[in-house]
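A quick write-up on the structure given underneath.
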Amino acid sequence: MLDALRRGANSWVLKPLLLLLVLAFIVWGVADVFTGIRQGALATVGSSEISVEEYQSTYGSVMNNFARRFGRRPTAEEARLRGIDRSVLEDLVNSATMDQQARALGLTLSQSAIAAAIESDPSLQGPDGKFDRGGFENFLREIGFSERGYLNQRRREEIRQQLTQALFQNLPVPAITASLMHTWREETRTVQYFTIDPAKRIKVPEPDEDQLKGTYSAQQRAFVTPEYRHLGVLLVASAGVKRDLDIKEEELRSIYDGDKAGREVPERRRVMQIPFKDKAAAEAAARAIAAGKSFVDAAKEADATEADIDLGLVARSALLDEAIAKAAFALDRNQVSQPITGRFTTVLLRVTEIEPAKVRTFDEMRPEIREKLADARTNEAVRKLHDSVDDGRAAGKPLKEIAEALKAKYLELPEVDRAGMKPDGTKGYEGTDTAQILRVAFEGKPGVEIEPVDLADGGYAWVDVLGVKPEAQRPFEAVKDDVKKLWQRLETARQVSDLAGQFLDRAGKGETMTALAAEAGGKLETSKPFKRFGTESGLPASAVQRAFALALGGRASVETGQDEKRVVFRVVDISKPAPLTKEQSEQLAQQLRNEMQQDAVQAYVLALRERFGVRINEQLFRRTTGESTDQR
């Protein structure tokens, strides 16, 4: 294809067109080709700028956190749908706003103050309650920060906290506010209720022709066939590519032979460790153990549980304190050590299990080696397939032909709607990233190339719209039976609603709920006490919410959402919660204070943003996130 372009470029016909193309790049986009997207700032807050690089770094960290929490990294499209891209930008703007205000006020923190804050951070402390250097280093590796970078980031966070705490730390929460909130949350209600079952009470007559035609006219959208599309889908899923990779046995053997360190499994030991506040406490515990006290009981006296002291089955390299590692791997099985003074604490050790070092055989390592090699090659194989498909599409070839040439998976879907269903009601497409593929398929047009879909596993899907069968109004005669069923449902619901209204009127005139329940064909039941946001078996959620809008003795009816049934109920008890204890009052007040602080800080930041002025380069943001300009 490139050779053809080069030959064509020498044509006198194409030279003027190429000149126009070059001019267009100069006017509209040549800077992007040579310098990326670094022209200008992504956003400015007063005199502060947020660069594309800063945004991309923060966005990458957020996406990596998603991957660690949920097992996979969201696609760019999923991130947009969840608002992750905008949320990251908003957080950066808010942080820059607070930083600018802190500079204006001259707020700062020394290096020693930051170090002290980190050392006192509970999340960075070990079981002994002291700063865990090894854990801190692991934390830095996990979040992808250098120590200097984290210190700078932590300084900014501490200064922001210093600024907001000075303004909002001790917001007063009146005792009456906490009491009212407690009552509102914890109040319970009890109702008596019965269900009107249409099958027992309602008889719907046969509708006449005029009634059916009236229903058809009023409910026309219920009788429309959906739009169906004829689609061609070419799939390059990473899992399939990985599975089909041709990896030779000789390659696996060569990797095995060259990976001496990987073959050798070091000795591992299950290490139990009790940390002590000082050496004297450790020596006292060692004497008690020598006199017959169990290691676990000694741990409990040191305020540590059995789970706390078990470091697991570990290799020596996993124990970051060299003094402790050396002692642990010198002990015999079930032997208790003398007090060991490490870098941060003094400990007693006990080894309960020893797994000797060994050399793994080729057969043991073959699956692992193949998996790693396949992982390393899959991305490259997917990229090459992606480029091959793009070359085929540039040459005007249909997806089916491209798939056959590449031996890729191709699906032809003659008729599917937006939900992937066929006209007969069965599933027409059930595969990888169904919703995403169908969404772009129904946004596209026949004969117009659609951008490939990013699949969740890192692969791609291409979609061609081969034909469109528009939605159509089904004629009355063709859907007459369906119209009749709809009329019967609507008429049943109307009659049930009228009957419920009659029952409520009669209850208000003194008739008992028990008698009314019997007439409705059911029985009167009494609920358990339920809270405002609770649930009660037998009652729909709408009845629970409605009950809290009624006074004692109040009556109402609501739909159940099932077969036109309706629940009629009466509030028979309203119970106020017991008064708050002092401890509960303090806890609730602190919770309310935190919520008030969040609202106050948000309002403060919005005011600062108004003062400093915030400008966002929307065009640059869309290019940075890969969002097309017609998506908003």
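Could you rank the peptides 223-232, 577-586 by their average count of other C-beta atoms within 10 Å per residue, with the highest value first?
In descending order of packing, they fall as 223-232, 577-586.
Of 300/326; 528/576; 523/565, which ones are farther than 18 Å apart at the Cα?
Check vs 18 Å cut-off fails for 300/326.
To the nearest 20 Debye, how big is the dipole of the chain about its Cα centre, given +1 on the beta carbon of each Lys and Arg and -1 on that of each Asp and Glu?
Numbers: 92 positive and 96 negative charges, 145 e Å.
It works out to roughly 700 debye.
Give me the number: length gained by fully extending residue 421 to residue 162, i.e. 0.36 nm times residue separation minus the C-alpha to C-alpha distance, one decimal in nm.
Contour length minus the Cα-Cα distance gives 87.5 nm.
Using a 1.4 Å probe and ignoring any ligands, DNA or RNA, find the accessible area of residue 322 and quote it in Å² to the nearest 10.
110
For the chain, what does the accessible surface come to per residue with a 1.4 Å probe? Please give it in Å². Kindly include the intermediate steps, with their values, before the conclusion.
Details: 37310 Å² over 632 residues.
I get 59 Å² per residue for this part.
May I ask you to compute the full-extension gain from residue 404 to residue 552, defined as 0.36 nm times their residue separation minus their alpha-carbon distance, rounded to one decimal in nm?
Between residue 404 and residue 552, full extension yields an extra 46.0 nm.
Which residue, chosen from 590, 413, 111, occupies the Cα position most advanced towards the positive end of the dipole of the chain, where the dipole is computed from +1 (Lys, Arg) and -1 (Asp, Glu) charges on Cβ about the Cα centre?
590
Select from 179, 314, 369 the residue farthest towards the positive end of the dipole of the chain; place +1 on Cβ of Lys and Arg, -1 on Cβ of Asp and Glu, and compute about the Cα centre.
My answer, from the dipole projection, is 179.
With a 1.4 Å probe and every protein chain kept in, tell me what percent of the accessible surface of region 246-295 is carbon plus sulfur.
Details: 1460 of 2960 Å².
It is 49 percent, rounded to a whole number.
On average, how much area does the Cα convex hull of region 348-498 cover when viewed from any direction, in nm²?
Details: hull surface 89.0 nm².
So the Cα hull casts an average projection of 22.3 nm².
Between [x] 1.08; [y] 1.00; [z] 1.38, which entry matches Cα Rg over 2.2 N^0.38 Å as derived from the coordinates of this structure?
Here the calculated entry is [z].
How much solvent-accessible surface does residue 616 expose, in Å² to the nearest 10, with a 1.4 Å probe and all protein chains in place?
Residue 616 has an accessible surface of roughly 50 Å² with all protein chains in place.
Placing +1 at every Lys and Arg Cβ and -1 at every Asp and Glu Cβ, with all other atoms neutral, what dipole size does region 265-357 have around its Cα centre, in debye to the nearest 20? Walk me through the intermediate numbers first.
On the way: 13 positive and 14 negative charges, 42 e Å.
The dipole of region 265-357 has a size of about 200 debye.
Quick one: Karplus J couplings for region 188-199, per residue in order, coefficients 6.51, -1.76, 1.60, θ = phi - 60°, nearest Hz, x for Gly and Pro?
So the J values, rounded to whole Hz, are 10, 10, 10, 10, 9, 8, 9, 10, 8, 9, x, 4.
Could you sort the peptides 87-93, 589-595 by per-residue average Cβ neighbour count (10 Å cutoff), highest mean leading?
Order by mean packing, descending: 87-93, 589-595.
Go through 184, 462 and list them by solvent-accessible area, largest first, probe radius 1.4 Å.
Ranked list, largest accessible area first: 184, 462.
The values are calculated or read from the model by the stated rules, or taken from the named source; none is laboratory data. Computed from a predicted model, the values in this text were never measured in an experiment. Note: ideal-geometry Cβ built from the backbone for every residue, glycine included; neighbour counts use all protein chains shown. Side chains are part of the model used for accessible areas, which takes the heavy atoms of the whole protein and leaves out ligands, DNA and RNA. Shrake-Rupley method; radii C 1.70, N 1.55, O 1.52, S 1.80 Å.
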